[in-house]
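Rule-based calculations on the coordinates, nothing more; no lab input. Quick caveat, the model's predicted, so the values are computed rather than measured. Cβ coordinates were reconstructed from backbone atoms using ideal geometry, including for glycine residues, and neighbour counts include every protein chain displayed.
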DNA sequence: GGCCTAAGTTGACAACGTAAACATCTAAGC
DNA sequence: GCTTAGATGTTTACGTTGTCAACTTAGGCC
């Protein structure tokens, strides 16, 4: 009898990340509400309670996804910023676009990232710091824009809030679209607007940024 | 023996609306995810499956809330529009503000209204028509604004989309706040921005509307 | 080489959404 | 005014879920 090539699988080896990945994959096409830990466990091929060695609860899994999300978002934004340093106008638009694109590419993470603000941020300190860092990326840019006279001279939270509204609004509406599987009704004006938004998010960002231009 | 003063309670009389009301009350302070039909039934004082005579499923209850929501929203917007007819600038701002205020006053309905777009709009025709009507309120206003030269002359879906982004973004972020029960961190810039937004949503609306002004 | 501990499993529990069969009330038609 | 069909509410049951406690396995450290 040949040597057993399949090594012992009692220990999975990377179960924590497997759960996060499987959950993200699921959440791309369905809501957090309907996610079943047991179903994930079945997919991965472990027992129905294996995840308890890695996540204290279902919400803890979601929090882990959100933390991952904040870190990825921060990276994406930083990269966009470094890539377009020459002209502040371009920088700002590209950062906004990077935010939106990341959100629609990773709707499940963005959803968690936003939902996490609602529910249990106090319970997960790492989540709080991750969220602060992400928002600082925005306020720093706004401050710079005010300093160089690119934006109107108003309080930072006011301008940051307005721009957050814009990118979050776009991301949120586009996620609606990405989850509406087949409902691209031609006669639905709301769907039309979302379609328009989807095909050229940069145009809308550029438009809305005008409102805080000096 | 005196006549029985308590009439028969076998039939509740208004169970459908009671379920909607109880669900809304619950959803004001918690997520749809955690809502339990059996708990609602217990509160109302009926059996755990009584709702099946009125709602085919849990999602159907949510859809009913969303339909209610769309109708209420339409009413609120129409009223705001009629109340401020004199100056188009005022009209438009007030309609946006009415949208936002309604959303934060009825977060559970707004949430359902938005979530319904994601999940099962195709299954509930009444939901589709209700959502179309609400969006038409916006496009009609935009068309008028373009016609009188108040807005820049661009495609309606483009401008409507941009303004939808704004009011939905504000509403969405403010709902985040309203559900963050105690977390008004002073040192959290994101919370600061939301607080600012909350105290004067009109200012942000007026600011963002500038971006599509002629 | 034996043990400690992290990682995974088993079995159990209460709660949930849903379904089918049953009970009760209400109103419409004769 | 009685009958009866249909609407409304109940009971019982099933499969699934999140979570817990107790158990088993495996790999690294002395």
Using the number of other C-beta atoms within 10 angstrom as an exposure proxy, rank A:102, B:164 with the fewest first. A:102, B:164
If you fit an axis through the alpha-carbon atoms of helix A:189-199 and take the longest principal axis of the Cα set of chain A, what angle between them do you get, 0 to 90°, nearest 10? 90 degrees
Using alpha carbon centroids, what distance separates the range A:125-146 and the range A:7-68, in Å? 29 Å
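Relative contact order for the range B:10-55: what is it in percent, counting Cα pairs under 8 Å that are at least 6 residues apart?
Relative contact order for the range B:10-55 comes out at 41 percent.
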Report, to the nearest 10°, how far helix B:125-147 tilts away from the longest principal axis of the Cα atoms in chain B, using its own Cα long axis and a range of 0 to 90°. 20 degrees
Length-normalised contact order of chain B in % [C-alpha pairs under 8 Å, at least 6 apart]: 20 percent
Under a 10 Å cutoff between Cα atoms, tell me which one of B:65, B:20, B:104 has the largest fluctuation in the Gaussian network model of chain B. B:20
For peptide B:193-202, the mean count of other chain Cβ atoms within 10 Å per residue Cβ is 4
Taking a ≥ b ≥ c as the square roots of the eigenvalues of the Cα gyration tensor of chain A, is the shape rounded (a/c under 1.5), prolate (a/b larger than b/c) or oblate? prolate
What's the average, rounded to a whole number, of partner chain beta-carbon atoms within 10 Å of each residue's beta-carbon in A:12-24? 0
Would you mind checking the tilt of helix A:88-105 against the longest principal axis of the Cα atoms of chain A, expressed as 0 to 90 degrees and rounded to 10? 30 degrees
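Only helical DSSP H runs with n ≥ 4 go in: add -39500 (n - 2.57) per run for chain B, normalise by residue count and round the 222 nm mean residue ellipticity to 500 deg cm²/dmol.
Taking each H run of at least 4 residues, the total per residue is -22500 deg cm²/dmol.
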Every other copy gets compared here: list the nm distances from the residue A:202 label point (7 Å along Cα to Cβ) to its counterparts, shortest first, one decimal. 3.8
Among B:147, B:171, B:80, whose mean-square fluctuation peaks in a Gaussian network model of chain B (Cα, cutoff 10 Å)? B:147
Would you tell me the mean number of C-beta atoms belonging to other protein chains that fall within 10 Å of each C-beta in B:128-134, as a whole number? 2
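Rounded, prolate or oblate, given the Cα gyration tensor of the protein assembly as shown, with a/c below 1.5 counting as rounded?
oblate
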Based only on other Cβ atoms within 10 Å, what is the fewest-to-most ordering of A:187, B:87? A:187, B:87
Arrange A:139, A:105 by Cβ neighbour counts within 10 Å, fewest through most, would you? A:105, A:139
Of B:155, B:126, B:23, the most mobile residue in a GNM of chain B (C-alpha springs, cutoff 10 Å) is B:155
Quick one: compute the contact order of the range A:42-143, relative version, from alpha carbon pairs under 8 angstrom and 6+ residues apart, as a percent. 35 percent
Obtain the nm distance between the two label points defined at residue B:17 and residue A:39 by a simple spin-label model: each point lies 7 Å from its Cα along the Cα-to-C-beta direction. 3.7 nm
Quick check: from the Cα gyration tensor, does the range A:11-55 come out rounded (a/c under 1.5), prolate or oblate? prolate
